[in-house]
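Encoded as structure tokens, the structure appears first; notes follow it.
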Amino acid sequence: VLDPLKDTEHPLIKCFLSQKPQLVSNGLAKDFGPLMENLEFENYAMVPILNSGEGLGVIIVDNRFNEKPISEEDLDTLMTFAHQSALALENNRLYNEISVLAITDELTKLYNHRHFKNQIEYYLKNQMAFTLMVIDVNNFKLFNENFGHKMGDLVLSKVGEALKRVAFKKGMAFRYGGDEFTMIFPGLSIDYAQPVAYDIQTQIKSEAKKLVNHSLTVSIGLSSYPLDGTDETQLFIKA
């Protein structure tokens, strides 16, 4: 951890910005600042981790076994390791990106129907109480006919943004399909979720008003597990 990260005189930051490996003999531990000074780096090597010219980090190695300076040969080995690290980090980034895309609705950027099913199954399997919210955009087919599908898609994306704002730290929002959405609020009662539902209605109505000067409303239903049902179908119908 660097303190502060913007300290361009910090050895690690200098190496990161220069994107060049460095060998240091008889360096000063205090150059690393109060958070790292006690590590006592004096004879060390630094190699940036690069991926297609983009800096991902820095590897720093100090010979604490016998305190001898690190050799050029050691530096070459470290550079090979840094290259392998860059490939591993990039593969991990791509894997995470693909994993996110697999559970995300492309238009609204909410979680998709598949992830909704998985989450419901998880909470039911572990008998964890939650409130389910089902949201339906009223007369959306007519809205598309009046304002066009492009505007309809824009409105749905705004609905997604509104649900993400509301869901922040409270629950999870999903696009169930078409103009239907769902939200899951773990551990929260219907009494808590009701004002959230009113907030959603207000936000979506105002978003559509700003875009096309036309009020768009949503119908919202609520159910809770285990009070209103013990499986997904029961809870969805109840909501």
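The values are calculated or read from the model by the stated rules, or taken from the named source; none is laboratory data. Bear in mind that the values here come from a model prediction, so they are computed numbers and not experimental data. Counting neighbours? That spans all protein chains shown, and the Cβs are built from the backbone with ideal geometry, glycine included. What goes into the accessible areas is simple: the full protein's heavy atoms, side chains included, and nothing from ligands, DNA or RNA. Shrake-Rupley method; radii C 1.70, N 1.55, O 1.52, S 1.80 Å.
Just a few scattered comments:
- By average C-beta atoms within 10 angstrom, highest first, the peptides 204-212, 120-128, 154-162: 154-162, 204-212, 120-128
- Accessible area expressed per residue, the chain, with surrounding protein chains retained (probe 1.4 Å, Å²): 60
- All Cα pairs of the chain, percent lying beyond 32 Å: 49
- Segment 13-113, accessible surface, carbon-and-sulfur percent (1.4 angstrom probe): 56
- Comparing mean-square fluctuations of LEU39, LEU110, LEU132 from a GNM of the chain with C-alpha springs under 10 Å, the top value falls on LEU39.
- Convex hull per residue volume in Å³, alpha carbons only, for segment 40-181: 195
- Centre-to-centre separation between the Cα atoms of segment 1-71 and those of segment 103-133: 44 Å.
- 0 to 90° range, to nearest 10: angle between helix 72-102 axis and the chain longest Cα axis: 0
- Sequence-separation-based contact order of segment 29-150, relative, with Cα cut under 8 Å and 6+ spacing, percent: 14
- Positive-pole candidate from VAL47, ILE98, LEU28, dipole of segment 1-145, charges at beta carbon: ILE98
- Cα pair distances exceeding 15 angstrom across segment 29-69, given as percent: 52
- Segment 166-223 and segment 74-92 have their alpha-carbon centroids 46 Å apart.
- Over the chain, relative contact order from alpha-carbon pairs under 8 Å, at least 6 apart, %: 15
- Based on alpha-carbon atoms, the Kirkwood radius and the radius of gyration of segment 116-191 give Rg/Rh equal to 1.06.
- Over the chain: helical MRE at 222 nm, DSSP H runs n ≥ 4 each giving -39500 (n - 2.57), nearest 500: -15000 deg cm²/dmol
- Rolling a 1.4 Å probe over the protein heavy atoms of segment 140-239, with every protein chain left in place, gives an accessible area that is 53 percent carbon and sulfur.
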